[in-house]
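Peer 1: Pasting a structure here, questions to come.
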Amino acid sequence: MRELQSRPWFGVLVAVWALLLLALALVAYGGGDATVREQQDIDAARVSADRAAFEVVTAAGQRSAARVSGFELARKCRISVVRDGVSHLRRITLYTSPGGEADLLRRIAKRLPAEHRAEFHGGRGGPRIVAYVDKFVEVRGASDGAGDGTVEVEVHTGCRPLGDPTADLRTRPTDAERARFEEVFELVGVKPGAPPEWRVESFRCGRDGALRSVRARVATAPDRPLSDAAELAPPDSRVLIGADDLLAYRQGGLAVVAEARGDTLTVTTTVSDC
């Protein structure tokens, strides 16, 4: 200690180091681009996340049905010592024939654009994929190994500067979509006693295309097991899952998923012209 105190330059060095740290923090706060390459705000991140979502749905192909969640806040985070950020995600639930989860994930990894560096992994932890849409947007998909035909894919934005993401292109179903849901309700034996609770996820893909995932939730239980409804599905449809509480089928470019839980039925249709 005496040796350090006898050297006046030691105190100067400490002071200079503190000033340097402060300067770096201010630079990071004022311009994240200068210290974190390719850092973008949450709106720009959403563009990448939406692109990843429709690329996953497209890569999954017509041997699966998809349900796409909203653009949700995942967690709060820190971009730098003095700069707060947020991380958002989209969830894509995919349904395929029971036992076909690994083939579905392998197909997605193979069909995603090469620049995403998609990888498929098998093993004791169950099949899974990982891909990267840009430096920060990550795609992770996995099956829990239950063999029920369900695969969960998450698209994470990574930590981004604070801000509110823009709203979806549409928030209400079209008349044609409402009519389609009436057909599904009839198929599963439901007569809603009250208007459904609607949610629409819609975002552009490519130049003129769009992906729309429309959800209707009603507080009415089906009057028959959904496995029975599977036998009544349209003749031009392909039933993927026909369990008592879950029905998933494809009808051309349309994917339909119906899930019964207690006294609630949730129906989701997803269509993409990407």
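Peer 1: Take the residues in the stretch 135-183 that are small (G, A, S) and farther than 22 Å from A49 by Cβ; name whichever of them is modelled with the lowest pLDDT.
Peer 2: G145
Peer 1: Here's another thing I want to ask about it. Does R63 count as touching a Lys or Arg at 6+ places or on another chain (Cβ under 9 Å), within 30 Å of S237 (Cβ to Cβ) and at pLDDT 90 or above?
Peer 2: When the stated conditions are applied, R63 passes them.
Peer 1: Right, S69: surrounded by 21 or more Cβ atoms within 10 Å (Cβ to Cβ) and either of a type outside the set (D, E, K, R) or at pLDDT below 85 (or both) or not?
Peer 2: In short, no.
Peer 1: Of P222, P195, P234, which residue is part of a loop (DSSP other than H, G, I, E, B), free of Cβ contacts under 8 Å to residues at least 12 places away in the same chain and not assigned by TED's automatic domain parsing to the domain that holds L94?
Peer 2: P195
Peer 1: Which of the residues belonging to the stretch 124-154 are of a type in the set (D, E) and closer than 9 Å to E101 by Cα?
Peer 2: The one that is of a type in the set (D, E) and closer than 9 Å to E101 by Cα: D148.
Peer 1: Taking the stated definitions as given, is R212 on the phi < 0 side of the Ramachandran plot, basic (K, R) and outside the structural domain of F71 (by TED's automatic domain parsing)? Outline the logic, then answer.
Peer 2: On the way: on the phi < 0 side of the Ramachandran plot: yes; basic (K, R): yes; outside the structural domain of F71 (by TED's automatic domain parsing): yes.
It is true that R212 is on the phi < 0 side of the Ramachandran plot, basic (K, R) and outside the structural domain of F71 (by TED's automatic domain parsing).
Peer 1: I've got another one for you. Quick one: what pairs do we get from the stretch 261-274, first residue at positive phi and modelled with pLDDT of 90 or more, second among the small types (G, A, S) and surrounded by fewer than 21 Cβ atoms within 10 Å (Cβ to Cβ), C-beta under 8 Å, 6+ apart or different chains?
Peer 2: Pairs found: G262/A221.
Peer 1: If you don't mind, another one. Could you say which residue among V256, V239 is without any contact (Cβ under 8 Å) to a residue 12 or more places away in the chain and touching a Lys or Arg at 6+ places or on another chain (Cβ under 9 Å)?
Peer 2: After applying the criteria, what remains is V239.
Peer 1: Which one is modelled with the lowest pLDDT among residues in the stretch 78-120 that are loosely packed, with under 14 Cβ neighbours inside 10 Å and touching a Gly at 6+ places or on another chain (Cβ under 9 Å)?
Peer 2: For the stretch 78-120, the residue satisfying everything is R78.
Peer 1: Also, I was wondering about something else. Can you go through G70, G123, G85, G61 and tell me which one is outside any helix (DSSP H, G or I), at positive phi, not hydrophobic (A, V, I, L, M, F, W, C) and not assigned by TED's automatic domain parsing to the domain that holds R199? Before the answer, list the steps.
Peer 2: On the way: G70 fails: at positive phi; G85 fails: at positive phi; G61 fails: outside any helix (DSSP H, G or I).
Within the list G70, G123, G85, G61, the selection yields G123.
Peer 1: From the list V267, V257, V200, exactly one residue is of a type in the set (V, I, T) and either assigned by TED's automatic domain parsing to the domain that holds G147 or out of contact with any Phe, Trp or Tyr (no Cβ under 9 Å at 6 or more places or on another chain) (or both). Which is it?
Peer 2: Matching residue, one of V267, V257, V200: V200.
Peer 1: Out of the residues in the stretch 246-266 that are over 16 Å from D228 (Cα atoms) and among the aliphatic types (A, V, I, L, M), state the one that is farthest from the chain's Cα centre (by Cα).
Peer 2: Checking each candidate, the answer is L254.
Peer 1: Tell me, please, whether a residue that is at positive phi and out of contact with any Gly (no Cβ under 6 Å at 6 or more places or on another chain) can be found in the stretch 188-197.
Peer 2: From the stretch 188-197, those at positive phi are 189; that's our starting set.
In the following step, the residues that additionally are out of contact with any Gly (no Cβ under 6 Å at 6 or more places or on another chain) were identified as 189.
There is at least one residue in the stretch 188-197 that is at positive phi and out of contact with any Gly (no Cβ under 6 Å at 6 or more places or on another chain).
Peer 1: I'd like the full set of residues that are charged (D, E, K, R) and loosely packed, with under 13 Cβ neighbours inside 10 Å, limited to the stretch 121-138. I'd like the intermediate steps shown before the answer.
Peer 2: Initially, the stretch 121-138 is screened for residues charged (D, E, K, R), giving 124, 128, 134-135, 138.
If the condition is that a residue be charged (D, E, K, R) and loosely packed, with under 13 Cβ neighbours inside 10 Å, then R124 is the only one that fits.
The values are calculated or read from the model by the stated rules, or taken from the named source; none is laboratory data. This structure is a prediction, so every number in the text was calculated from the model and none was measured. So basically every Cβ, Gly included, is an ideal-geometry build from the backbone, and we count neighbours across all protein chains shown.
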